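*Asks:* Got a structure for you, written out below as C-alpha cells; questions coming shortly.
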There are 2 protein chains.
Amino acid sequence: MSEPTAKIPQPIRLVPLGALPAIGPGDDLAALLCRAAEQADVTFARGVLVVCQKIVSKAEGRLVELAEIEPSQRALQIAEQDGKDARHVEVILRESDRIVRHAHGVMICQTRHGFVCANAGVDLSNAPGPEVAVLLPEDCDASAENLRAALEASGCRDVAVIISDTFGRPWREGLVDVAIGCAGIGPMADVRGQRDWTGRDLQVTITATADQLAAAAGLLMVKNAGVPAVWIEGHLPDGEGHVRQTLRDPASDLFR
Amino acid sequence: MSEPTAKIPQPIRLVPLGALPAIGPGDDLAALLCRAAEQADVTFARGVLVVCQKIVSKAEGRLVELAEIEPSQRALQIAEQDGKDARHVEVILRESDRIVRHAHGVMICQTRHGFVCANAGVDLSNAPGPEVAVLLPEDCDASAENLRAALEASGCRDVAVIISDTFGRPWREGLVDVAIGCAGIGPMADVRGQRDWTGRDLQVTITATADQLAAAAGLLMVKNAGVPAVWIEGHLPDGEGHVRQTLRDPASDLFR
C-alpha cells in the first residue's frame with residue numbers, strides 16, 4: 001500500500017459576518033463587508049468569502065415591485081392552479097428559459113443562467129417589503145468578479161468570492177446552499193489521474209468545491225439570524241473559473 | 001424592519017483527522033478515531049464527527065471479492081455496452097432496487113436504502129485491493145448509531161455522527177458529499193413559521209443540515225490525502241433523527 005500522495009490539509013474556520021445593515025440598491029457591498037469583517041475580527045486575505053445571493057441582488061437593484069407586474073394568461077392559470085400570487089408567477093416565467101417540472105404546486109425552472117431551481121430563484125422572503133420580489137443577479141459570475149475586484153481595490157489579497165443560494169434537490173428533502181457565482185477560485189477540483197491510497201488511479205473524481213464551500217457557509221447563514229456572509233479561512237483560493245462552467249451540458253444530462 | 005430573531009452563531013472549525021491506519025473488517029473504528037482525534041489535538045465533545053462511508057464499510061466487512069461473482073446475463077449485457085467489468089455491474093445490480101437512468105455509460109441507481117446515486121454506491125477505488133468492491137453499509141443510520149454508541153462508551157459526550165458519501169447531482173457537474181447516515185442530530189433544520197428579518201413568515205425553509213455538514217467536511221476529505229474523517233466544532237448536535245427520513249416520498253418526487 002502506497003502512501004497518500006497529498007498532504008493532510010489545514011483545519012478550516014468559518015466565521016459568520018452578521019454585522020451588516022439592510023442592503024439596498026447602490027450600496028457598496030465591499031465596504032460594508034470589510035466593516036463587518038473588522039467587527040468579526042477577521043482580515044480578508046487568503047480565504048474565501050461566501051455571500052448570499054439576496055444581498056448581492058439587493059445591492060444590484062434586482063428588485064421588482066409586484067404592483068407593476070401585469071400577469072399574462074399563463075401566469076394567471078398557474079397561479080390559480082397552485083394558489084400563488086399571479087404577479088409572482090409572472091416574474092418567475094419572465095426569469096425562466098424553461099419550466100423543467102410543474103406539479104404539486106411546485107415550479108422547477110431553468111433560469112436564464114442555466115440553473116435549475118424552484119421558482120427561477122425569484123423570492124419574496126427577506127425582500128425589502130411584502131410586495132417586492134428579489135431576482136437572481138443578472139450574471140452571478142460577473143457579480144462575484146465585481147465584488148472581488150472591489151475587495152482587491154480596498155487592499156484585500158488572495159480572496160475568492162462565492163455567491164450562494166439555497167436550492168432544493170431531487171430525491172432528498174431539505175435545501176442546501178450551492179454556488180451560483182464565483183471568482184478567484186476554480187469551481188471544481190479535478191483529481192482525475194491522481195492516485196488513491198492503494199495506488200489505484202482515481203478515474204472520475206471531480207469535486208464541486210464551490211458548492212461544498214457554499215454548503216459549509218450555509219451552516220452559518222441561518223435565515224433568521226441575519227448572517228448574509230461567511231468568511232472561510234484555511235481553504236485557500238485555488239485555480240480560476242466560474243460557476244457557469246459547472247452547468248452540465250444538456251446532451252449528457254439524464255434528468256432534463 | 002424587525003430585528004433578527006435568532007442569535008448570530010459561533011464560528012465553526014473543521015479539523016481533518018488524518019492519522020488513521022488502513023481499515024479492515026472488525027476494526028474498532030471508535031478507538032481508532034479517538035486516537036486520531038488525540039493526534040489532531042481535539043476532544044470529541046459537543047460537536048459533529050463526519051466519517052466517510054468507505055472506512056465504515058471496510059470496518060463492517062462490506063467487501064466483495066469480484067473473483068467470487070458470477071455475472072448475470074443482464075450484467076454481461078450492460079458491461080459490454082458500457083465497457084465495464086461485468087462482475088462490478090453484477091454487484092451494482094444486486095445492491096439496487098431500481099435503475100433510475102442508464103445512458104452514456106452511467107448507471108444511476110436507487111439503492112436498497114433509497115439513495116439515488118451512481119453505481120448504487122459500489123466502488124472500486126480506495127478498496128483493499130484491485131479485485132475488491134466496497135459496498136455501502138447495510139443500514140447507514142444504524143452504522144452511525146453504533147459508532148456514536150461506541151464513542152459514548154469511551155467517554156465522548158454530545159457527539160453527533162454523520163456518515164458521508166460523495167454523490168453526483170443532476171444539472172451540475174462535480175460531486176458533493178452528502179450524509180447517508182446520521183445519529184445524534186436532526187438531519188434537517190426546520191425554520192418554517194419563524195420570521196425573517198422583515199417580520200415576514202418563512203414559509204418553506206427546511207435546511208438539509210446533515211448534508212451541509214457532510215459537504216463542509218468534504219472540503220477536507222481530499223481523496224488522495226488520506227483524510228477519512230473530520231471533526232466539526234461550533235455546530236452543536238441538535239435534535240434527533242436519521243438520514244432515511246430525508247429521502248423524498250416517491251409520490252411527491254418530480255424526478256423519479
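The values are calculated or read from the model by the stated rules, or taken from the named source; none is laboratory data. A quick note: this is a predicted structure, and the numbers were derived from the prediction, not measured. Ideal geometry is used to build each Cβ from the backbone, glycine not excepted, and the neighbour counts take in all protein chains shown.
*Asks:* Out of the residues in the stretch A:27-41 that are over 20 Å from the mean Cα position of the chain (by Cα) and not in a helix (DSSP H, G or I), state the one that is surrounded by the fewest Cβ atoms within 10 Å (Cβ to Cβ).
*Replies:* Result: A:Asp41.
*Asks:* If you don't mind, another one. Condition first: facing another protein chain (nearest Cβ under 7 Å) and closer than 18 Å to A:Trp171 by Cβ. Now tell me which residues in the stretch B:210-243 satisfy that.
*Replies:* B:Asp211, B:Gln212, B:Ala215
*Asks:* Which count do you get for residues in the stretch A:42-81 that are of a type in the set (Ser, Thr, Tyr) and not in a loop (DSSP other than H, G, I, E, B)?
*Replies:* Number satisfying all stated conditions: 1.
*Asks:* Further, regarding this structure: Consider A:Thr209 carefully, then state whether it is over 26 Å from A:Ser57 (Cβ atoms) and hydroxyl-bearing (Ser, Thr, Tyr).
*Replies:* Criteria not met by A:Thr209.
*Asks:* Do you know which residues across the stretch B:178-191 are at the interface with chain A (Cβ under 10 Å from one of its Cβ atoms), surrounded by fewer than 24 Cβ atoms within 10 Å (Cβ to Cβ), not in a strand (DSSP E or B) and not β-branched (Val, Ile, Thr)?
*Replies:* Within the stretch B:178-191, B:Met188 is the sole residue that qualifies.
*Asks:* Sort out which residues of the stretch A:216-256 are among the small types (Gly, Ala, Ser) and at pLDDT 85 or above, and write them in order of number.
*Replies:* Correct list: A:Ala216, A:Ala217, A:Gly218, A:Ala229, A:Gly234, A:Gly239, A:Gly241.
*Asks:* Sticking with this one: Can you say whether A:Ala142 is assigned by TED's automatic domain parsing to the domain that holds A:Leu247, closer than 21 Å to A:Ser57 by Cα and under 17 Å from the mean Cα position of the chain (by Cα), as far as the supplied structure shows?
*Replies:* Here the answer is yes, as A:Ala142 does meet what is asked.
*Asks:* Quick check, is B:Gly155 surrounded by fewer than 24 Cβ atoms within 10 Å (Cβ to Cβ), out of contact with any Ser or Thr (no Cβ under 9 Å at 6 or more places or on another chain) and in contact (Cβ under 8 Å) with a residue 60 or more places away in the chain?
*Replies:* It is false that B:Gly155 is surrounded by fewer than 24 Cβ atoms within 10 Å (Cβ to Cβ), out of contact with any Ser or Thr (no Cβ under 9 Å at 6 or more places or on another chain) and in contact (Cβ under 8 Å) with a residue 60 or more places away in the chain.
*Asks:* Restricted to the stretch A:88-103, and to residues that are free of Cβ contacts under 8 Å to residues at least 40 places away in the same chain and aliphatic (A, V, I, L, M), which residue is farthest from A:Asp28 (Cα to Cα)?
*Replies:* Per the stated criteria, the residue is A:Ala103.
*Asks:* Does at least one position in the stretch A:48-69 carry a residue that is of a type in the set (Lys, Arg) and within 10 Å of chain B (Cβ to nearest Cβ)?
*Replies:* Checking the stretch A:48-69: at least one residue is of a type in the set (Lys, Arg) and within 10 Å of chain B (Cβ to nearest Cβ).
*Asks:* Name the pairs whose Cβ atoms lie under 8 Å apart, with the first residue in the stretch B:1-18 and more than 7 Å from every other protein chain (Cβ to nearest Cβ), the second at pLDDT below 90 and surrounded by fewer than 14 Cβ atoms within 10 Å (Cβ to Cβ), and 6 or more positions between them or separate chains?
*Replies:* Between residues of the stretch B:1-18 that are more than 7 Å from every other protein chain (Cβ to nearest Cβ) and residues that are at pLDDT below 90 and surrounded by fewer than 14 Cβ atoms within 10 Å (Cβ to Cβ), the close pairs are B:Ser2/B:Gly199.
*Asks:* Just to confirm my filter: which strands (runs of 3 or more DSSP E) fall fully inside the stretch B:101-177 and include at least 1 residues that are among the acidic types (Asp, Glu)?
*Replies:* In the stretch B:101-177, the matching strands (runs of 3 or more DSSP E) lie at B:157-167.
*Asks:* List the pairs whose first member sits in the stretch A:68-87 and is assigned by TED's automatic domain parsing to the domain that holds A:Leu124, whose second member is surrounded by fewer than 11 Cβ atoms within 10 Å (Cβ to Cβ), and whose Cβ atoms are under 6 Å apart, counting only residues at least 6 apart or on separate chains?
*Replies:* A:Asp82/A:Gly105
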